[in-house]
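Contents: one structure, followed by commentary.
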Amino acid sequence: MNPQLTEDGRLRHLLTLDGLPRAILIQILDTAESFMDVGEREVKKVPLLRGKSIFNLFFEPSTRTRTTFEIAAKRLSADVVNLNIATSSQTKGEAILDTVDNLAAMHADMFIVRHGQSGAAHFIARHVAPHISVVNAGDGRHAHPTQGLLDMFTIRRYKGEFHNLTVAIVGDVLHSRVARSQIHALTTLGVPEVRVIGPKTLLPTGVEQMGVKVFHDMEAGLRGCDVVIMLRLQNERMKGALLPSAQEYFKFFGLTPDKLALAKPDAIVMHPGPMNRGVEIDSEVADGPQSVILPQVTYGIAVRMAVMALLAGGTA
Amino acid sequence: MHASLPDANTLIARLADAIAPSLAPDTLIVGIHTGGAWVAERLHAMLQCSMPLGTLDISFYRDDFSRIGLHPQVKPSSLPFDLEDRVILLVDDVLHTGRTVRAAMNELFDYGRPASIRLAVLVDRGGHELPIRPDFAGLVLDVPEHQNINLSRLDDGHLTFSIA
């Protein structure tokens, strides 16, 4: 049984996009579409989650993701409490489930969890009472489902359909929970060609088994693409033996206007942020006409509203 | 069977006739998804309104959200005008408990403060649970609580009522 779904097939937790049925993905995207105009009204709120308490549990620092979850919850009229646990009781040695139990005793209705360890959100989801929902806001290298969903929402907004697209994911797929969530969503939604492009040292072994085509040459991989998704190259990867230098990486795998010209003329460029300008992406591309990086941030609010609304409904 | 249930088109014409004498030219017509939007579309044409038509999906304002969750097919609301200080004619197909109308009014106020709201429904079927009554009704009918009255739209655009 899928731990993310109720017995009658509704969303119970959002932990990963792996194994989530296409109908649920579409339902989330359609619901997000309905939330798009809330931010433009005189009263930027709907009363759906009035009286619910949502706890942002961030065991790992994040500004954008935490902020967009907070805005999304507030637009749904929920009460939001932010906990940056790296700097609070965890440093005093409190176990993760003790933290969760204490917050549940404060009548939490939903936990938004970001953690450096893969599986942390699943672990909490298995532990909480039946009326509490858990949303994974990124766990280790495993999954970042709301980022994957907002990327799908962005693609659908600009391209309309999924069934006729070629999508390339470029960069450090090995360490990227975002890439994993994107690949699961793209294949579930019927994208016929998903490519991953990167140096051998930054692609997981056996990644082909996820249904993607592998390219180590960026020029070849970008040819004919409708969507180019750049991944953040984490600086700490430079310290190991994985990469020679940022300059060297940019030369082969940085997205420059010249390389982008190999994709389709109307190709869009996406990035989950935060960007390393001059490492994985040239500023001219990041700020150029094909970039949809800032719209991604805006759409992230509507998508997170949709996820929270679908989770919180029908639980009384 | 309700042999007395008239044709939906006849009811819409009757409703339009009732509304017309008191209709200010700059009234904003707003239909509630889905049936109310169909009726509003027809009234908007018959009454020759110059303002664009508005539609509301009240899914985000329902009072039974925490019990039954989100409606599976939420449509975006579309209010292509500023409703501050304007006269609004809110349109629905069937008035039953009044909870949908309450939700619709709550949503309207999140877009601005209208001067007034009037309510037009094709059928007022009784069973009100809130102090909400229509200003215009095509038909007042006492439908037993266990029965449902539904407006549907055929492929050719024809509207038809059924009771089940």
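Comparison of B:Pro144, B:Pro72 shows that the only residue that is away from every other protein chain (no Cβ under 14 Å), free of Cβ contacts under 8 Å to residues at least 60 places away in the same chain and out of contact with any strand residue (DSSP E or B) (no Cβ under 6 Å at 6 or more places or on another chain) is B:Pro144. Under 7 Å between Cβ atoms, which residue pairs at least 6 apart in sequence (or on different chains) link something in segment A:141-152 that is closer than 12 Å to A:Ala32 by Cβ and modelled with pLDDT of 95 or more with a partner that is polar (S, T, N, Q) and in a loop (DSSP other than H, G, I, E, B)? Correct list of pairs: empty, since none qualify. Of all residues in segment B:56-69, those satisfying the criterion of being crowded, with 22+ Cβ neighbours inside 10 Å and either of a type in the set (A, V, I, L, M, F, W, C) or more than 9 Å from chain A (Cβ to nearest Cβ) (or both) are B:Leu56, B:Ile58, B:Phe60, B:Phe65. On the basis of being aliphatic (A, V, I, L, M) and either more than 14 Å from chain A (Cβ to nearest Cβ) or exposed (fewer than 15 other Cβ atoms within 10 Å of the Cβ) (or both), does B:Leu47 make the cut? For B:Leu47, the condition - aliphatic (A, V, I, L, M) and either more than 14 Å from chain A (Cβ to nearest Cβ) or exposed (fewer than 15 other Cβ atoms within 10 Å of the Cβ) (or both) - is met.
Considering the conditions (1) closer than 25 Å to A:Met36 by Cα; (2) among the aliphatic types (A, V, I, L, M); (3) touching a His at 6+ places or on another chain (Cβ under 9 Å), B:Leu83 is excluded by exactly one of them, (3). Contact annotation: residue pairs with Cβ atoms under 7 Å, 6 or more positions apart or on different chains, pairing a residue in segment A:15-39 that is more than 22 Å from A:Ala121 (Cα to Cα) with a partner that is among the acidic types (Asp, Glu) and part of a loop (DSSP other than H, G, I, E, B), are A:Ser34/B:Asp57.
If we scan segment A:98-110, do we find a residue that is part of a strand (DSSP E or B) and either more than 14 Å from chain B (Cβ to nearest Cβ) or over 18 Å from B:Ser59 (Cβ atoms) (or both)? Looking for residues that are part of a strand (DSSP E or B) and either more than 14 Å from chain B (Cβ to nearest Cβ) or over 18 Å from B:Ser59 (Cβ atoms) (or both), one finds at least one in segment A:98-110, hence yes. Scanning segment A:150-177 for residues that are touching a His at 6+ places or on another chain (Cβ under 9 Å) and within 19 Å of A:Leu222 (Cβ to Cβ) gives a single hit, A:Ser176. Which condition number in (1) touching a His at 6+ places or on another chain (Cβ under 8 Å); (2) touching a residue at least 40 places away in the same chain (Cβ under 8 Å); (3) not in a strand (DSSP E or B) is the one that B:Leu5 fails? That leaves (1) as the condition not met.
Name the residue that is nearest to the other protein chains (Cβ to nearest Cβ), counting only residues in segment B:106-138 that are buried (at least 18 other Cβ atoms within 10 Å of the Cβ) and of a type in the set (A, V, I, L, M). Residue satisfying both the conditions and the ranking: B:Leu108.
The set of residues from segment A:8-63 being surrounded by fewer than 16 Cβ atoms within 10 Å (Cβ to Cβ), away from chain B (no Cβ under 14 Å) and in a loop (DSSP other than H, G, I, E, B) comprises A:Gly19, A:Pro61, A:Thr63. Scoring A:Leu174 on the criteria (1) in a loop (DSSP other than H, G, I, E, B); (2) buried (at least 23 other Cβ atoms within 10 Å of the Cβ) leaves a single failure, condition (2).
The values are calculated or read from the model by the stated rules, or taken from the named source; none is laboratory data. Just so we're clear, the structure is a prediction, and the values are computed from it rather than from any experiment. Using ideal geometry, Cβ is built from the backbone for each residue, glycine included, and neighbour counts are taken over all protein chains shown.
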